[in-house]
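To keep things clear, I will list the structure first and then write my remarks on it.
The values are calculated or read from the model by the stated rules, or taken from the named source; none is laboratory data. These numbers were taken from a predicted model, which means no experiment stands behind them. Positions of Cβ are backbone-derived with ideal geometry, glycine not excepted, and every protein chain shown enters the neighbour counts. When the accessible area is computed, the model is the full protein with side chains, heavy atoms only, and any ligands, DNA or RNA have been set aside. Shrake-Rupley method; radii C 1.70, N 1.55, O 1.52, S 1.80 Å.
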Amino acid sequence: MQGVFITIEGVEGSGKSTQLLHLSERLRRLGLPLVVTKEPGGTALGREIRRLLLERHGSGETWCAEAELLLFYADRAQHLETVIRPALAEGKVVLVDRFEDSTRAYQGASGVAESSLDRLSELVLRGLRPHLTIMLDMDPETSLQRVEVRNLSLGAEFAETRFDEAELDFHRRVRNRFLAIAQNHPNRVALIPARDPVDQVEAAIWLRVAPLLRNAGFGVD
Ligand SMILES: Nc1ncnc2c1ncn2[C@@H]1O[C@H](COP(=O)(O)OP(=O)(O)OP(=O)(O)O)[C@@H](O)[C@H]1O
Ligand SMILES: [Mg+2]
């Protein structure tokens, strides 16, 4: 049996990791063969790339847009080759926290041309698409407040997270790109309102995931 490939996308703080945890626990209870992973950093080498992407370098140097883009796709290529494709070939359900749509939304909002994204996507994905993308949608003003609360609860070293107007504007553009992706790929993308309470979002996600798994031959009720 061919596996099922599900990604979860959305702006920061929209609840991706929370919902992925709930969904994976539900699928585990049902006894489904499962791989839960994330980008960037779904492999050992990918975690090195994640560190290079997300941690500020001591020199103060930052990645130029193209270098950053190539690092994201290097991470994705390794992840697809060593984790995602093998798991799908073994008939597993693969859940990924952020994937291609995040690159398109964030790097696109940073000014990378659509044609560059298309070429790298073709090289790395070779036509592979998620069967379902859960896209959690909400306004970044609220989602970034959630991130602030979360980061404060994680400890003082993360407490410096005030988002200024320029950052908010960037996140609004990211959201709009996610919305455009959902509109252009209505069969793949399930757009889910993410401001609702966790249980309500979870129920909305399950309404989209359960039929997909049933169709793929997994026994879920
Ligand atoms: N539906 C919800 N209502 C209220 N709070 C929520 C909801 N979902 C998640 N949260 C809380 O909001 C914070 C951000 O959630 P989470 O870390 O799951 O988001 P994320 O989309 O994975 O963020 P990031 O993009 O930074 O990885 C967490 O503290 C989480 O507990
Ligand atoms: Mg997360």
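Which FRET efficiency, nearest 0.05, do Trp206 and Leu123 yield, Cβ-Cβ r, R0 30 Å? E(calc), rounded to 0.05, equals 0.30.
Rounded to the nearest 500, what is the 222 nm mean residue ellipticity of the chain from helices alone, with -39500 (n - 2.57) per DSSP H run of 4+ residues and division by all residues?
Values: 9 runs with 120 residues, N = 221.
Value at 222 nm, helices only: -17500 deg cm²/dmol.
Comparing Thr62, Thr103, Thr82 in a Gaussian network model of the chain, where Cα atoms under 10 Å apart are tied by springs, the biggest mean-square fluctuation is seen for Thr62. Between Leu70 and Ala216, what is the spin-label point distance in nm, taking each point 7 Å from the Cα along the Cα→C-beta axis? For the pair Leu70/Ala216, the computed spacing is 3.4 nm. Once both labels are positioned 7 Å from their Cα atoms along Cα-to-Cβ, the gap between Ala89 and Ala180 label points is 3.6 nm.
Overall, the chain carries a charge dipole of about 840 debye about its Cα centre when +1 sits on the Cβ of Lys and Arg and -1 on the Cβ of Asp and Glu, all other atoms neutral. Distant-in-sequence amide contacts of Val35, defined by a placed amide H-H separation under 5 Å and a gap of 5 or more residues or a different chain, comprise Val93, Val94, Leu95.
For the set His171, His22, solvent exposure ranked by accessible area (probe 1.4 Å, protein chains only) runs largest to smallest as His22, His171. Summary: within the chain, the longest segment free of GluC sites (Glu not before Pro) located in DSSP loops with at most 10 other C-beta atoms within 10 Å is 62-159. For segment 125-156 and segment 9-57, compute the distance between their C-alpha centroids and round to whole Å. A separation of 11 Å, based on Cα centres.
Between Ala77 and Glu165, how high is the FRET efficiency from 1/(1 + (r/R0)^6) when r is the Cβ-Cβ distance and R₀ = 30 Å? Nearest 0.05.
Values: r = 36 Å, r/R0 = 1.20.
About 0.25, to the nearest 0.05.
Of the trypsin sites (Lys or Arg not before Pro) found in segment 13-92, those that fall in a DSSP loop while having at most 11 other beta-carbon atoms within 10 Å are Arg56.
The fraction of accessible area contributed by carbon and sulfur in segment 99-191 is 51 percent, rounded to a whole number (1.4 Å probe; ligands and nucleic acids excluded). If you run the Gaussian network model on the chain, springs between alpha carbon atoms under 10 Å, then out of Gly31, Gly42, Gly13 the most flexible one is Gly31.
Across all Cα atoms of segment 4-215, the radius of gyration (one decimal) and Dmax (whole number) stand at 17.0, 52 Å.
Return one whole number: the accessible area per residue of segment 4-215 in Å², for a 1.4 Å probe. Kindly include the intermediate steps, with their values, before the conclusion.
Details: 11080 Å² over 212 residues.
Ligands and nucleic acids excluded, the figure is 52 Å² per residue.
Pull out the extension gain between His57 and Arg150, defined as 0.36 nm times the separation in residues minus the alpha carbon to alpha carbon distance; nm, one decimal.
31.1 nm
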